[in-house]
Amino acid sequence: MEVIKELLTGISEFTAAVTIIFAVLNCFFGYRLLKIWIGLVGFLIGLLAGFGVSMQFVHNVTLALLIGACVGAVCAFLAFRVYLAGVFVMAFFWVYTMARLIPQPLAGEGWRMVMVGLAVALGIVGGVIAVKFTKPAVICLSAFSGGTKAVHHLLPLLGMSNPTILWVAGILLAVVGGFFQLRSTKRMR
């Protein structure tokens, strides 16, 4: 039983570390990495969809993974090519994951569903704004999403769990990341 606890703790710490690293990269380099993120999300969506659908027909995990990887590669190519659709999907994903950090006002399944609905609605609004004003929207969304997510995962590991401190620190990191992105991408369109 002790081995399982240690394994789960190790996996949890690894997941937190990877999340923090990607969040910080997103905070400071979101606009520069946008096409990579778009391709990666397209690949993952295609992989999961291809795997799920093919498992219904082939009942072989290896073959289903191969089919999923092929569908994922096609989806990554399409997401990369259909740039604004990719911008919408990435902005939706960033806003949705950020909105899911908003504390639920009351316990219960009803409030959880309301919060998921709010996150989806905010994600759609963020996606539409990102398509209209691509560069500034991507910089703001990636900095805010990355900054708040990094802080919300890092500070609890350091023993800080006050929601006010988490949000203030996340916003401060987001502002620093946003200014860095604006300064480092002046010549990019």
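If we scan segment 116-123, do we find a residue that is of a type in the set (Val, Ile, Thr), more than 25 Å from Ile165 (Cα to Cα) and in a helix (DSSP H, G or I)? Yes: segment 116-123 contains one or more residues that are of a type in the set (Val, Ile, Thr), more than 25 Å from Ile165 (Cα to Cα) and in a helix (DSSP H, G or I). With at pLDDT 90 or above and under 21 Å from Val89 (Cβ atoms) as the only criterion, which of Ile139, Ile124 stands out? Residue meeting the stated conditions: Ile124. Report yes if some residue within segment 82-94 is more than 16 Å from Thr134 (Cα to Cα) and part of a helix (DSSP H, G or I); otherwise report no. No. If the condition is being open to solvent by 50 Å² or more (accessible area, probe 1.4 Å) and among the hydroxyl-bearing types (Ser, Thr, Tyr), then segment 48-103 contributes Thr62, Tyr83, Tyr96. Close contacts from segment 89-118, counting a first residue that is more than 28 Å from Ala137 (Cβ to Cβ) and hydrophobic (A, V, I, L, M, F, W, C) and a second that is open to solvent by less than 80 Å² (accessible area, probe 1.4 Å) and not in a helix (DSSP H, G or I), with Cβ to Cβ under 7 Å and a gap of 6+ residues or different chains, come to Trp111/Gln104; Trp111/Pro105. From the list Leu166, Leu154, Leu106, Leu141, the lone residue that is assigned to a helix (DSSP H, G or I) and open to solvent by 50 Å² or more (accessible area, probe 1.4 Å) is Leu154. A residue that is surrounded by fewer than 12 Cβ atoms within 10 Å (Cβ to Cβ), more than 21 Å from Val89 (Cα to Cα) and either touching a residue at least 40 places away in the same chain (Cβ under 8 Å) or out of contact with any Ser or Thr (no Cβ under 7 Å at 6 or more places or on another chain) (or both) cannot be found anywhere in segment 170-179. Of the set (1) under 23 Å from Gly170 (Cα atoms); (2) open to solvent by 80 Å² or more (accessible area, probe 1.4 Å); (3) among the hydrophobic types (A, V, I, L, M, F, W, C), all apply to Val128 but (1).
The residues of segment 169-189 that are of a type in the set (Lys, Arg) and in a loop (DSSP other than H, G, I, E, B), listed by number, are Lys186, Arg187, Arg189. Scanning segment 25-47 for residues that are at pLDDT below 90 and open to solvent by 50 Å² or more (accessible area, probe 1.4 Å) gives Arg32, Lys35, Ile36, Leu40. In the set Ser184, Ser161, only one residue is open to solvent by less than 70 Å² (accessible area, probe 1.4 Å) and at pLDDT below 90; that residue is Ser184.
Within segment 77-84, one or more residues are basic (Lys, Arg) and more than 24 Å from His152 (Cβ to Cβ).
The values are calculated or read from the model by the stated rules, or taken from the named source; none is laboratory data. Quick caveat: nothing in here was measured; it's all calculated off a predicted structure. FYI the Cβ positions are ideal-geometry reconstructions off the backbone, even for glycines, and counts take in every protein chain you see. Note: areas computed on protein heavy atoms with side chains; ligands, DNA, RNA excluded. Shrake-Rupley method; radii C 1.70, N 1.55, O 1.52, S 1.80 Å.
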